[in-house]
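Take a look at the structure set out below.
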């Protein structure tokens, strides 16, 4: 017998899954964190003609640094080993979530959370 909450099934009546993916919300209703991603550059005098390019991102607090790196690599057209995410010039571990980062290093400061990324040179 197949229960009413079962989605799909094979000819024998066995359920493929009891989870309805069409009703899933995934990360939609999570808390969100606002980030500002800037490329790490050597100190230079400010140039009034060329404003710094900043990237703003809003993501789930469950997102990890690894997710941010993958999106950044995809947008820059680079492989993962060439991009590093930094906070105060310290590389962040891939397994750290945005909530862990916010609570441990940015709590009490105004949004957005400022992160930098560096691009390592490609060696031949």
Picked from region 27-40 (must be in a loop (DSSP other than H, G, I, E, B) and in contact with a strand residue (DSSP E or B) (Cβ under 9 Å, 6 or more places away or on another chain)), the residue modelled with the lowest pLDDT is 27
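Regarding residue 69, is this residue within 14 Å of residue 115 (Cα to Cα), touching a helix residue (DSSP H, G or I) at 6+ places or on another chain (Cβ under 8 Å) and at pLDDT 90 or above?
Criteria met by residue 69.
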Which members of region 70-115 meet the condition of being touching a residue at least 60 places away in the same chain (Cβ under 8 Å), buried (at least 17 other Cβ atoms within 10 Å of the Cβ) and part of a strand (DSSP E or B)?
113, 115
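The values are calculated or read from the model by the stated rules, or taken from the named source; none is laboratory data. Keep in mind the model is a prediction, meaning the values are calculated, not measured. For neighbour counting, all protein chains shown are included, and Cβ atoms are generated from backbone atoms with ideal geometry for every residue, glycine included.
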